[in-house]
1. Quote the Stokes-Einstein diffusion coefficient, in whole µm² s⁻¹, for the protein assembly as shown, based on the Kirkwood radius over alpha carbon pairs, a temperature of 25 °C and a viscosity of 0.890 mPa s.
2. Starting from the Cα-Cα distance between residue B:222 and residue B:35, subtract it from 0.36 nm times their residue separation and give me the gain in nm to one decimal.
3. Give the distance, in whole Å, between the Cα centre of the range B:200-215 and the Cα centre of the range A:55-128.
4. State which entries of B:9/B:57; B:94/B:213; A:216/B:216 exceed 30 angstrom in Cα-Cα distance in the structure shown.
5. Determine the calculated [θ] at 222 nm for chain B from helices alone, applying -39500 (n - 2.57) to every DSSP H run no shorter than 4 residues and normalising by the residue count; nearest 500 deg cm²/dmol.
6. Measuring from the axis that superposes chain B on chain A, report the chain B residue with the minimal C-beta distance, rounded to whole Å.
7. Residue A:25: which aspartates and glutamates have alpha carbons under 16 Å from its alpha carbon, excluding same-chain residues fewer than 8 sequence positions away?
8. Please list, ordered by chain and number, the residues whose modelled amide H lies under 5 Å from the amide H of residue A:178; skip anything fewer than 5 residues away on the same chain.
2 protein chains.
Amino acid sequence: MTFFKMISKNLVKYIHQLEQKKYRKREGLFVAEGTKVVGDLLKYHRPKALFATDGWKAPVGISYTKVSEDELLRISFQQHPQQVIGLFPIPSQKATIDFYGKLVLALDGVQDPGNLGTIIRIADWFGIGTIICSEDTADAWNPKVIQATMGSIARVNIIYANLLDMLETLPPDFPVYGTLLDGENIYSQPLSEEGLIIMGNEGNGISDAVRAKINKRLLIPDFHHGETADSLNVAIATAITCSEFRRRQT
Amino acid sequence: MTFFKMISKNLVKYIHQLEQKKYRKREGLFVAEGTKVVGDLLKYHRPKALFATDGWKAPVGISYTKVSEDELLRISFQQHPQQVIGLFPIPSQKATIDFYGKLVLALDGVQDPGNLGTIIRIADWFGIGTIICSEDTADAWNPKVIQATMGSIARVNIIYANLLDMLETLPPDFPVYGTLLDGENIYSQPLSEEGLIIMGNEGNGISDAVRAKINKRLLIPDFHHGETADSLNVAIATAITCSEFRRRQT
């Protein structure tokens, strides 16, 4: 934990640089803002630095650098910052992924930080503890993603990996699900309690090489009644898919 | 259909004013951008004006004002406009709502334009043809909402009304659903083929007065296993709810 006597220009610059992936990587830090997101992180993660205004109710045993409203605004990435901003170490990636008996999400090139944050929040809701992101997926430690998770980033393991290499490590009969236009109706297909669920890029869906590894092809049917075929946003499709897997277990 | 010889400063100003609700209301027009959204609208709605660059493939019988890339950029609300921008009349509100045998969505104070647009897209996917918005819900003709619908705005009727007054017009036994923290598990409750599904505000949920009219209280269960209680984004909750209603009908 690092304390600061005052919010210098250099400190503001240092924090603002963390909006960029290369600086986050170099420093091993990410920025979280607001009582909900910082509060959730503090339950599981030790901050590198915390800045908060008088109004913030710090959890017991947590110390921080007190700042004015004006100083908070200078540090913040938000137009209306909420009481507290924290710098947290980016968690180290787990060397092994525990697939057995679990549902795991894999994202193949999700680009939009808002979508990625929402997907992390959905995973948290549905008790999915690990998300494996392809290397071309948006960076989960981007402040826009962190804020969109509404604190769920504290509870979900995010792992960046080459999806094809990762898929090679699975036993041949391990269930690998994906939603595809030529899949089988998700509402009537058997869905297992363990498995990998792959979601694709906003524009192009799942890449061809990864798609070839899917052995359980699912379809979320529409109810258009003959209107123009349309698509679902990737976060919405993730929510419907996860909901349907969990429904079978209730 | 109005044609323009050149994109004057006054025209740019006129279009940009349509970003504000009061000008949209005064002119009775909204702005749509891009090949997908404008293309979908043109199937059902006659434009007031269309501006497109050389690359745009106009549907048969549709004429438009040709503009340069630079002119398109000046008109547009987007950083990277896509080929075509249209001004369309705001559809007049239907005097009566057809509830019988149908699922209808009602939104009680949804504030975020992105959420509203996503909910309209979800309704379209699940064949829900009407959304009733409380008067304090975001304006569906806001350009941010229009773009977030990805064209679904062309196929879903949006009606602004006082929800309490509207609820008064329903027969006493008409199913009125809402997702509430003290509701019954949505996965195991009976769900009817007709009914009103109410979704609430991002921060405060469904207002007390509207909540009192819900006669089918639903809950989307989480799978946190004892972690901090969390919430789902309203668009995500709408998707899961609509999916579960439609599943019963497959």
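Every number in this text was worked out from the coordinates using simple rules, so none of it is lab data. This is a predicted model, so every value here is computed, not measured. Glycine also receives a Cβ, built like all others from the backbone with ideal geometry; neighbour counts cover every protein chain displayed.
1. Rounded, D is 100 µm²/s.
2. 63.4 nm is the gain from fully extending residue B:222 to residue B:35.
3. 29 Å
4. Pairs exceeding 30 Å: A:216/B:216.
5. One gets -8500 deg cm²/dmol as the mean residue ellipticity at 222 nm.
6. B:239, 3
7. Straight-distance partners of residue A:25: A:135, A:136, A:139.
8. Here the answer is A:198, A:216, A:218, since their amide H atoms fall under 5 Å of that of residue A:178.
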